[in-house]
Amino acid sequence: MALAFLYTCACGKRFKVYIPRLKLFAAMTGTTVNWGAEDERDQEGGSIAELERLARVNDCLFVDGRVCEEMACPACRQKLCFLSHFRSILAGSEGPRSESGKGGI
Ligand SMILES: [Zn+2]
């Protein structure tokens with residue numbers, strides 16, 4: 001299953017952000033793991049499309065981290081830096097929060 005993170009803006013707008021493993025982990029693990037192949041498998045298996053569908057169901061704005069690492073919140077215009085935010089979470093004590101995609105957050 002592809003990795004997706006929930007991001008809630010200060011204004012309350014919710015985002016579901018798909019981040020390719022390659023972008024998230026390569027900085028930590030170097031090239032010892034072929035994350036790109038994992039990401040391709042997610043794409044081919046349709047799990048990214050599934051994430052997008054679930055985001056809509058859960059009233060979240062789906063963000064594709066492959067093409068969009070940061071954006072301005074459409075509601076309040078605050079700049080959101082998804083990739084650096086999630087990297088800092090991973091680097092901290094909280095650990096990654098992946099989702100099985102079975103509803104909810
Ligand atoms: Zn906002």
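Laboratory data are not the source of any read-out in this text; all were calculated from the coordinates shown. Every value quoted in this text rests on a predicted model; they were computed, and no experiment measured them. When we count neighbours, we look across all protein chains shown, and the Cβ atoms used for this are built from the backbone with ideal geometry, even at glycine.
Can you tell me the length gained on complete extension of the stretch residue 78 to residue 26, counting 0.36 nm per residue apart and subtracting the Cα distance? If you can, show how the numbers build up before the last one.
Values: separation 52, 0.36 × 52 = 18.72 nm, distance 2.78 nm.
Additional length available on full extension: 15.9 nm.
Any idea what log10 I(q)/I(0) is at q = 0.10 Å⁻¹ for the chain, Debye with uniform C-alpha scatterers and no solvent?
Those come out to -0.27, one per q.
Give the shape of the stretch 1-60 as rounded, prolate or oblate, defined through the alpha-carbon gyration tensor: a ≥ b ≥ c are the square roots of its eigenvalues, a/c under 1.5 means rounded, and otherwise the shape is prolate if a/b is larger than b/c and oblate if not. If you can, show how the numbers build up before the last one.
Working: a/c = 5.25, a/b = 1.56, b/c = 3.37.
Verdict is oblate for the stretch 1-60.
So for the stretch 4-91, averaging the separation of alpha carbon pairs under 8 Å that are six or more residues apart and normalising by length, what relative contact order in percent results?
On the way: 100 pairs, mean separation 28.4, N = 88.
Once divided by the residue count of the stretch 4-91, the mean separation gives 32 percent.
Just for the stretch 4-91, what percent of DSSP beta bridges are antiparallel, to the closest 5? Could the numbers behind the result be given before it?
Working: 8 of 12 bridges.
DSSP beta bridges in the stretch 4-91 are roughly 65 percent antiparallel.
Work from the charge dipole of the stretch 1-61 (Cβ charges, +1 for Lys and Arg, -1 for Asp and Glu, about the Cα centre) and give the residue of 24, 37, 10 farthest towards its positive end.
Checked the options; the winner is 10.
To the nearest 20 debye, what is the magnitude of the charge dipole of the chain about its Cα centre, counting +1 on the Cβ of each Lys and Arg and -1 on the Cβ of each Asp and Glu?
Values: 14 positive and 13 negative charges, 81 e Å.
Computed about the Cα centre, the dipole is about 400 debye.
Scan the chain and hand back the longest stretch that contains none of the trypsin sites (Lys or Arg not before Pro) lying in DSSP loops with at most 11 other Cβ atoms within 10 Å. If you can, show how the numbers build up before the last one.
On the way: sites that count: 77, 102.
After excluding every exposed loop site, the longest remaining stretch is 1-76.
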